[in-house]
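Report on the following structure.
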Amino acid sequence: MENSEITLSEKQLISSLRNKLIEILPKNDENSIRLIDNLIDKSLYEEKISRDIFGHLSILFGLQTAIIAIEEESLRNDGVLAILLYFSMLYNNYTTDEIKELYGEPVSRIINGLVRIQELYKKSPIIESENFRNLLLSFAEDMRVILIMIADRVNLMRQIRDTKNLDAKLRVSEESSYLYAPLAHKLGLYKLKSELEDLSLKYLEHDAYYMIKDKLNATKRSRDAYINQFIRPVEERLKEAGLNFHIKGRTKSIHSIWQKMKKQKCGFEGIYDLFAIRIIIDAPFDKEKMSCWQAYSIITDMYQPNPKRLRDWLSVPKSNGYESLHITVLGPEDKWIEVQIRTERMDEIAERGLAAHWRYKGIKGESGIDEWLTNIRTALEAGDGLQAMDQFKMDLYEDEVFVFTPKGDLYKFPKGATVLDFAYRIHSRVGNQCVGAKINGKMVNFRETIKSGDQIEIITNITQKPKQEWLQIVKTSHAKSKIRLSLKEIKVKDGVYAKELLARRLKNRKIDIEENIISQVVKKFGFKETTEFYKQITDGRLEPNDIIEKYIQIKEENTKGARHAHHKSAENFSFDVQEQFKTNKQDDILTIDKNVNGVDYSLAKCCHPLYGDKIFGFVTVSGGIKIHRTDCPNAPEMRKRFGYRIIKAQWSGKGNNMYAIPLKITGHDDIGIVNNITSIIQKECNAILRSINIDSNDGVFWGNISVQVEDINMLDSLIKKMKTIKGIKSVERV
């Protein structure tokens, strides 16, 4: 939006904000002040005055944003220059080199980051995901880019209260709620986070906001009086006990109260914990717990506690290091009040150890974000340490990349993932037929490594088929498993096609196909497995007519041999059931291979045999064969009653099939136990989780999971690793 005139009131406000800006900047940086003055002067006298969709003057908006960034985020010289330059001179089309020459490399880097973020923002219509917030962080090479974005959004939310552009106002408010507030929370900017949430609620749910605000205002005096009434006797008793402490009281934000009202489905009067009391004790490390429990004892002697609301994170701290005692007691006038008891050290961890705070609020972090964000927060609070921001590089997500589909959907991959990985994430059919892609409009091979921010469009061809070497191209276990599955399906199809081809050729010669002769033909051609034999027929590397001739030759030789064979009399023959279980290498043994033909067999569901298990076959009434494990619970009864129907069996090949195996698992119901179980399965090479069903009661959990594995060795390895998970008591094969 453009407007060639700057109003008198706008000029006066610019002058006032300029003076305030100069006042709060370090006095020893005259160069920055001079550059700021030059920027303001140029903007005031530019022929082309720029305004945003709400009519805000760019230079004025930039000054307001810069002051927020200084006061709330401790941003300093280069960051302030970048803000003013970005908002006031964006339309002048300066090149990166020109900005670097005029204002220095740090300012140029920040401007470049802001431009990249805006381009990324426009690329994705779906930005309300945790992945998009992570992508923003990974894209911001200089952390000040994210700080400026947050300050900009806070300023915008303050300025649009009376705007007539209601559609844009609602969109901005929604974005503030699901994108900017969580970003501010991650960076420990709790005040800005609460302001963004409250303003979003104010614009999106006007009636709810003002209802809560009015009730808080109406009860403020009585609430403050009540807090003092509660704290005064507590302070006296704690001092008498010789504890060194201070007490904080805080009222929940309007947004937080509204969320509780919706969650608990109650009115304002039904929220009893509108505020919380925090007792922070100064105690030596070795006396911390004793001091906290001493304070707990004093308070619960004075006020009746609610045992259901006790949270003891002293004895067993949270996994993120959070330590504190949370109790809810019945205070004066029979009102429930939450009291948090912790030491100075614990409070420092809770406030600066950002992971503890935002995981506690339900916002999860990834990678090395905990330590990194703590360092950022420390730099922010240092006030004069923002020069260190120049050194901050966003290597937080160095092992992850975030990419877009053409529609704007966002996916996360490990570093080094390729176009082929992306194709298989979209759909296995897309992966199977992938021949290349367009990355940001440029044609590339499917071996191309993808990078954060790439927009990828997969190119397919129906004639394309997966190949064995693709397993070396992809990086994700998901893609590898899909490729393996497709390769197995192709082999099966090749086998069926080749077998039908041979059967048709033999039928033309009025000869029926026989599996035992086919097996001999396979060996004559030098193959150990029928799969490779059939594959070479399908690929055209073996001539079907040569195979037919060899088949006829072997069949005639077998017929001649049968005529001269010596036939035994059945008169003295006796059948010994036990003989079937003796290990005589000369006995006939049913060989189970994934491509065994002419034998109707299936794997028994009562014991779920898999490659590597000791097995036997059981001839069913229908004539088919069921394969059981030798330690099958039904085996003793089958041997006792139907020994004559049992045949020996063994596995052949390399175990390239996948077997669904059920497992029974029990243990202690710890937080994250299911995530730990699934993580172990996903990390196990080639293993696939098919289903999981977990129940728990009184701190104990039990359940069943189904996994796909290739053989007994993989299953044993997986069970062994699962047993190492903290809280797991037993893992048994069903």
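Close amide H partners of LEU542, meaning residues 5 or more places away or on another chain with modelled amide H under 5 Å apart, are ILE537.
May I ask you to compute the full-extension gain from LYS407 to LYS507, defined as 0.36 nm times their residue separation minus their alpha-carbon distance, rounded to one decimal in nm?
Details: separation 100, 0.36 × 100 = 36.00 nm, distance 5.39 nm.
Roughly 30.6 nm would be gained on extension.
Each label point was placed 7 Å from the Cα along the Cα-to-Cβ direction; for HIS246 and ILE24 their separation is 2.3 nm. Neighbours of SER222 by Cβ distance under 14 Å: Lys/Arg scored +1, Asp/Glu scored -1, total +2. Sorted from greatest to least, the principal axis extents spanned by the alpha carbons of the range 230-343 come out as 43, 36, 23 Å.
Normalised by residue count, the range 148-305 yields a Cα convex hull volume of 151 Å³ per residue.
Looking at this model, which pairs from LYS239/LYS287; LYS491/LYS721; LYS193/LYS239; LYS626/LYS664 are more than 27 angstrom apart at the alpha-carbon?
As for pairs spanning more than 27 Å Cα to Cα, those are LYS491/LYS721; LYS193/LYS239.
Here the Karplus relation 6.51 cos²θ - 1.76 cosθ + 1.60, evaluated at θ = phi - 60°, turns the backbone of the range 519-533 into coupling constants of 4, 5, 5, 4, 5, 4, 8, x, 9, 8, 10, 5, 4, 5, 4 Hz, with x for every Gly and Pro. Note on the range 624-734: dipole from Cβ charges, positive end direction compared against TYR659, MET638, ILE712; the farthest Cα belongs to MET638. Amide H contacts for TYR601 (H built 1.01 Å from N in the peptide plane; partners 5 or more residues away or on another chain; cut-off under 5 Å): ILE625.
Shown is the FRET efficiency for GLN536 and LEU166, computed with R0 = 60 Å from the Cβ-Cβ distance and rounded to the nearest 0.05: 0.30. Database remark: amide H of THR343 closer than 5 angstrom to the amide H of ILE281 (H placed geometrically; neighbours at sequence offset of 5 or more, or on other chains; Pro and chain starts carry no H). In sequence order, the range 51-66 has phi-based couplings of 9, 8, 5, 8, x, 6, 5, 4, 5, 5, 5, x, 5, 4, 5, 4 Hz under the Karplus curve 6.51 cos²θ - 1.76 cosθ + 1.60, θ = phi - 60°, and Gly or Pro positions carry x.
For the range 171-229 versus the range 710-734, the spacing of their alpha-carbon centroids is 48 Å. Each of ILE231, MET302, ILE271 was placed along the dipole of the range 183-303 (beta-carbon charges, centred on the mean Cα), and the one lying farthest toward the positive end is ILE271.
Remark: accessible surface ordering of ARG221, ARG158, ARG484 (largest first) is ARG221, ARG158, ARG484, probe radius 1.4 Å. Applying the Karplus relation 6.51 cos²θ - 1.76 cosθ + 1.60 with θ = phi - 60° to the range 410-418 yields 3J(HN,Hα) values of 10, 10, 10, 9, x, 4, x, 5, 10 Hz, where x marks Gly and Pro. The modelled label-to-label distance for the pair TYR497/LYS335, using points 7 Å beyond Cα in the direction of Cβ, is 7.9 nm.
Heavy-atom accessible area for ARG34, with the other protein chains in place and a 1.4 Å probe, reaches approximately 120 Å².
I'd like the FRET efficiency for SER15 and GLU348, computed as 1/(1 + (r/R0)^6) with the beta carbon distance as r and R0 of 60 Å, rounded to 0.05. The computed FRET efficiency comes out at 0.90.
The values are calculated or read from the model by the stated rules, or taken from the named source; none is laboratory data. Predicted model only: the values in this text are computed from it and were never measured. Neighbour counts run over all protein chains shown; Cβ positions are idealised from the backbone, glycine included. Calculation scope for accessible area: heavy atoms of the full protein, side chains included, ligands and nucleic acids excluded. Shrake-Rupley method; radii C 1.70, N 1.55, O 1.52, S 1.80 Å.
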